[in-house]
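Structure first, commentary second.
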Amino acid sequence: MATAVPAQGPSIHAHSRYWVVPAVRAVVALAAGAVITFTRDAHTATFGLVVFGVFAIVDGLATAILSWMLAGRRLTRTLFAVQGAIGVIAGVLALSLTGAGLGLFLYLVTVWAALTGFLELYNGIRERRRDAAARDWLTIGVITAILALVLLFIPADAVLAIGLFGAWAVVVGVFQGIGAATLRGAARTGDGSRGAESGS
């Protein structure tokens with residue numbers, strides 16, 4: 001997620017396989033952004049609920065399961081599991097109520113963005129001196145919280161609301177992709193350093 005900061009001291013650790021989490025989440029977000037971008041003439045509330053529903057379920061499952069398997073500290077894993085569960089619940093509601101209209105789309109996306117953005121931001125603040133991915137979590141949390149605020153104040157227009165969600169997905173997807181690459185490089189560097197130390 002985002003431009004991850006490589007481990008710069010003994011207190012900051014880059015987990016060797018955690019880069020898989022932002023890599024998968026990047027693919028999911030970019031896929032949602034691409035669907036919205038290339039179907040501009042179909043931006044109805046129903047379309048928005050379907051796209052958001054599928055995205056939220058897949059991203060939620062990836063976040064919960066992969067973070068639980070690959071993240072570092074237990075509390076971090078638990079918070080990401082909760083974040084993923086929120087996404088799955090929001091996604092199921094969206095897909096179950098696709099005919100409910102724009103009001104439901106705005107409500108679900110806003111609440112989802114506020115809750116998941118807060119959790120990711122909190123994880124980033126709490127782990128900022130211990131985990132190489134913390135700055136990424138901070139950034140994604142802020143961007144997601146901003147999405148929630150923007151959706152609260154925009155006019156009730158389906159094209160605008162769905163377009164903003166699509167723009168968020170593209171930005172976050174690119175950011176997570178860069179972060180995944182950076183984290184992978186940091187983890188490899190750390191593994192190489194440890195290997196050299198053990199061989200000396």
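Taking the conditions (1) within 12 Å of the chain's Cα centre (by Cα); (2) open to solvent by 70 Å² or more (accessible area, probe 1.4 Å); (3) of a type in the set (Gly, Ala, Ser) in turn, SER96 satisfies each one other than (1).
Here is a yes/no grid of residues against (1) at pLDDT below 95; (2) of a type in the set (S, T, N, Q); (3) more than 25 Å from ALA133 (Cα to Cα):
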residue	(1), (2), (3)
ALA31	no, no, no
TRP68	yes, no, no
GLY84	no, no, no
VAL92	no, no, yes
GLY99	yes, no, yes
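The residues of segment 139-167 that are open to solvent by less than 50 Å² (accessible area, probe 1.4 Å) and free of Cβ contacts under 8 Å to residues at least 40 places away in the same chain, listed by number, are GLY141, ILE143, THR144, ALA145, LEU147, ALA148, ILE154. Taking the criterion of being under 20 Å from ARG17 (Cα atoms) and either open to solvent by 70 Å² or more (accessible area, probe 1.4 Å) or at pLDDT 90 or above (or both), the residues of segment 124-137 that qualify are ARG128, ARG129, ARG130, ARG135, TRP137. Give me the residue from segment 27-46 that is in contact with a Phe, Trp or Tyr (Cβ under 9 Å, 6 or more places away or on another chain) and more than 18 Å from GLY99 (Cα to Cα) and, out of that set, surrounded by the most Cβ atoms within 10 Å (Cβ to Cβ). Here the answer is ALA29. Residue pairs whose Cβ atoms lie under 6 Å apart, sitting 6 or more positions apart in sequence or on different chains, and linking a residue in segment 47-63 that is within 10 Å of THR98 (Cβ to Cβ) to a partner that is surrounded by fewer than 20 Cβ atoms within 10 Å (Cβ to Cβ) and among the β-branched types (Val, Ile, Thr), are LEU49/THR98; VAL50/THR98.
The values are calculated or read from the model by the stated rules, or taken from the named source; none is laboratory data. Values in this document were obtained by computation on a predicted structure and should not be read as measured data. Heads up, the Cβs are rebuilt from the backbone with ideal geometry, glycines too, and the neighbour counts pull from every protein chain shown. The protein model used for the area step is the full one, side chains on, heavy atoms only, and it has no ligands, DNA or RNA in it. Shrake-Rupley method; radii C 1.70, N 1.55, O 1.52, S 1.80 Å.
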